[in-house]
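Read the structure below first, then the notes.
All of the numbers you see were taken from the coordinates with simple rules; none came from a lab. Everything numeric in this text was worked out from a predicted model, so none of it was measured. Using ideal geometry, Cβ is built from the backbone for each residue, glycine included, and neighbour counts are taken over all protein chains shown.
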Amino acid sequence: MPMNPALQLTAEELEKKVASLHFFKEVGRHDPQQLRILIQQSHLYSVAPGETFLKAGEQGSWMYFLMRGKLLVCDPLDHSKVIGVLIPGDVFGEIAVITGNKRTQDIVAPGLIREAIVFATDFACLHAKPEHNPLTLPTKLIVYRQIVHILRWRIELYRSRFPDHPMVRVPFNLIHRSPAGDTEEELQEQRDYALFLADRLQQLNTKLGPINNDVGDVVS
């Protein structure tokens with residue numbers, strides 16, 4: 001969890017804040033009530049210049065969306081070693097959500113600039129048993145499809161940087177949607193594929209190092 005307290009906003013105010021985020025637009029377009037359920041499990045944070053937002057070593061089920069400002073991905077032992085840069089529109093924390101692994105880096109707001117604004121949603125319900133899960137099958141599929149898209153895009157950054165490296169030449173799988181509509185079988189495929197991509201991304205990060213191109217980096 002973030003080190004600073006969340007801003008005190010109503011559910012209606014939070015819903016307005018995420019109106020521009022594609023991740024939540026898809027859920028709301030399909031079922032506004034499902035969007036409200038996610039909003040109930042969300043917070044908005046203001047991160048002051050120089051403040052540490054997340055610390056390595058924590059386990060968490062929260063995914064984060066940077067809405068304003070800039071955040072730095074830093075070596076937890078030395079914040080002067082900047083591993084990556086996050087800018088508005090970037091998503092981070094999805095690897096920890098999918099794998100359950102501990103976060104590996106600190107997230108810090110740089111000094112001498114305006115505050116950063118981060119929207120955070122707890123996706124623990126993705127792993128809850130069906131009888132205790134407030135999310136419907138279509139909503140869970142929307143979330144997993146978008147997480148898979150984010151992870152594939154991050155791996156594509158490695159492909160563009162290291163086109164001949166054997167670790168990035170493994171082809172992507174294609175998950176075909178059933179003509180019958182949303183199915184539990186596709187959900188399981190999406191889960192398994194997201195885990196595979198998250199593991200591959202962490203391997204690339206370890207073997208080849210983080211990629212910092214100021215449009216989002218490998219952040220778990």
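Observations on the model:
- Each residue, V170 and Q188, gets one label point 7 Å from its Cα in the Cβ direction; the gap between the two is 2.1 nm.
- Of the residues S20, S160, S46, the one that moves most in a GNM of the chain with alpha-carbon contacts below 10 Å is S160.
- Relative to the current alpha-carbon distance between H30 and D199, full extension at 0.36 nm per residue lengthens the span by 57.8 nm.
- Gain in span if fully extended, L112 to L208, counting 0.36 nm per residue against the direct Cα distance: 31.4 nm
- Gain on full stretching of the segment that runs from H149 to K81 - 0.36 nm per residue minus C-alpha separation: 21.6 nm
- Cα shape, the stretch 58-120, gyration tensor, a/c 1.5 rule: oblate
- Average Cα contact separation per residue, the chain, under 8 Å, 6 or more apart, as relative contact order %: 24
- 12 Å beta-carbon shell around L137, net charge (K/R +1, D/E -1): -4
- Distance violations [Cα-Cα > 24 Å] among K16/K70; K25/K55; K25/K207: K25/K55; K25/K207
- Paramagnetic reach from R161 (point 7 Å along Cα→Cβ, amide N under 18 Å) across the stretch 66-102: 71-76, 81-87, 90-95
- In terms of overall dimensions, the stretch 92-212 has a Cα radius of gyration and Dmax of 16.6, 54 angstrom.
- Cα convex hull of the chain - mean projected area over all directions, nm²: 12.4
- Taking the DSSP bridge list for the chain and keeping only pairs wholly inside it, about 100 percent are antiparallel.
- Karplus-derived HN-Hα couplings along the stretch 90-103 (A = 6.51, B = -1.76, C = 1.60, θ = phi - 60°), whole Hz, x at Gly and Pro: 6, 10, 8, x, 5, 5, 5, 4, 6, 8, x, 6, 6, 5
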